[in-house]
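Q: The structure's right below; bear with me while I get my questions together.
The values are calculated or read from the model by the stated rules, or taken from the named source; none is laboratory data. Computed from a prediction, not measured in an experiment: that's the story for all the values here. Positions of Cβ are backbone-derived with ideal geometry, glycine not excepted, and every protein chain shown enters the neighbour counts.
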Amino acid sequence: MTKNNQKRLVIFFIVMFGLIASGYNSFLKPLDSMIINFIQGLENPVLTSIYLNTTNIADQKPSAIITAIIVIILFVNKFKREALFLTLTMSTCGIVMAFIKIIFNRPRPNIHRLVELNSLSFPSGHTTSATIMYLTLALIFIKLSKKGNNNYFPILIAIIGILFIATSRVYLGVHYPTDTMAGMCLGSVIVLTYDLIYYNKK
């Protein structure tokens, strides 16, 4: 992807985040309700078990542990630049989320819940964290791959993982769909911006 195209993507995700942030209490309410009804309508014991046992991968503690392990592996294998790239993106996630959740101060949805949480809802921290981690790892894999920027398979895998986490948060009743959409936009902006600056793409 060229530098100009990547800049356009960053602008697109910023605009989308702004639209979601300005509309979740008004014109996006019907969309939230429609998606919640559809996803929670899929509830069954197997799906519940899968989501309950996997969604916490994106919690702060597991994410920090996984990040640390991957950073060490990259560093030991002399991929120091990539190790720092992952460290920067994941560290930024924690700092940014702490401020943004307080700014918007959106309560958790009052819907059918399979998990009880009392913290703030917007944007979804799990989805933001998953977006940053999976997208960063995909970009690192592409940079280290012999196929280089022509290898889009890691991005596809990252998108599947991100959507899985995002869907799980709505299924479990702890987030509105707009929370997860905003998390995907925010995470993408952080990663793509760091990629542009850190690798100084031409």
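Q: Is it the case that region 112-120 has a residue that's in a helix (DSSP H, G or I) and free of Cβ contacts under 8 Å to residues at least 60 places away in the same chain?
A: no
Q: Could you figure out which of (1) modelled with pLDDT of 90 or more; (2) of a type outside the set (Asp, Glu); (3) part of a helix (DSSP H, G or I) isn't true of ARG106?
A: All conditions pass for ARG106, except number (3).
Residue-wise test of (1) among the aliphatic types (A, V, I, L, M); (2) farther than 26 Å from TYR198 by Cα; (3) over 18 Å from the mean Cα position of the chain (by Cα).
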residue: THR89; (1), (2), (3): no, no, no
residue: VAL96; (1), (2), (3): yes, no, no
residue: GLU116; (1), (2), (3): no, yes, yes
residue: LEU120; (1), (2), (3): yes, yes, no
residue: PRO123; (1), (2), (3): no, no, no
residue: LEU135; (1), (2), (3): yes, no, no
residue: ILE140; (1), (2), (3): yes, no, no
residue: LEU172; (1), (2), (3): yes, yes, no
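Q: Now, a different point. Please note which helices (runs of 4 or more DSSP H) are completely contained in region 12-77 and include at least 1 residues that are within 18 Å of the chain's Cα centre (by Cα), free of Cβ contacts under 8 Å to residues at least 60 places away in the same chain and closer than 19 Å to VAL191 by Cα.
A: Answer list for region 12-77: 60-76.
Q: Among LYS29, LYS7, which is charged (D, E, K, R) and touching a Gly at 6+ places or on another chain (Cβ under 9 Å)?
A: On inspection, the qualifying residue turns out to be LYS29.
Q: Taking the stated definitions as given, is GLU82 among the acidic types (Asp, Glu), surrounded by 14 or more Cβ atoms within 10 Å (Cβ to Cβ) and closer than 18 Å to LEU114 by Cα?
A: Against the criterion (among the acidic types (Asp, Glu), surrounded by 14 or more Cβ atoms within 10 Å (Cβ to Cβ) and closer than 18 Å to LEU114 by Cα), GLU82 does not qualify.
Q: Is at least one residue of region 137-159 touching a Lys or Arg at 6+ places or on another chain (Cβ under 8 Å) and within 29 Å of SER26 (Cα to Cα)?
A: no
Q: Let me ask something else about it. Working carefully through the options PHE141, PHE104, PHE153, find the one that is surrounded by 14 or more Cβ atoms within 10 Å (Cβ to Cβ) and closer than 27 Å to ILE69 by Cβ.
A: Answer to the check: PHE141.
For (1) over 16 Å from HIS126 (Cβ atoms); (2) surrounded by 13 or more Cβ atoms within 10 Å (Cβ to Cβ), each residue gets a yes or a no:
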position	(1), (2)
SER49	yes, no
GLN60	no, yes
ILE65	no, no
LEU74	yes, yes
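Q: Please tell me if VAL15 is farther than 17 Å from TYR176 by Cβ and surrounded by 15 or more Cβ atoms within 10 Å (Cβ to Cβ).
A: no
Q: Conditions: (1) of a type in the set (A, V, I, L, M); (2) in contact (Cβ under 8 Å) with a residue 60 or more places away in the chain; (3) within 30 Å of LEU42 (Cα to Cα); (4) crowded, with 17+ Cβ neighbours inside 10 Å. ILE162 meets all but one. Number of the miss?
A: If we test ILE162 against (1) of a type in the set (A, V, I, L, M); (2) in contact (Cβ under 8 Å) with a residue 60 or more places away in the chain; (3) within 30 Å of LEU42 (Cα to Cα); (4) crowded, with 17+ Cβ neighbours inside 10 Å, just (2) comes out false.
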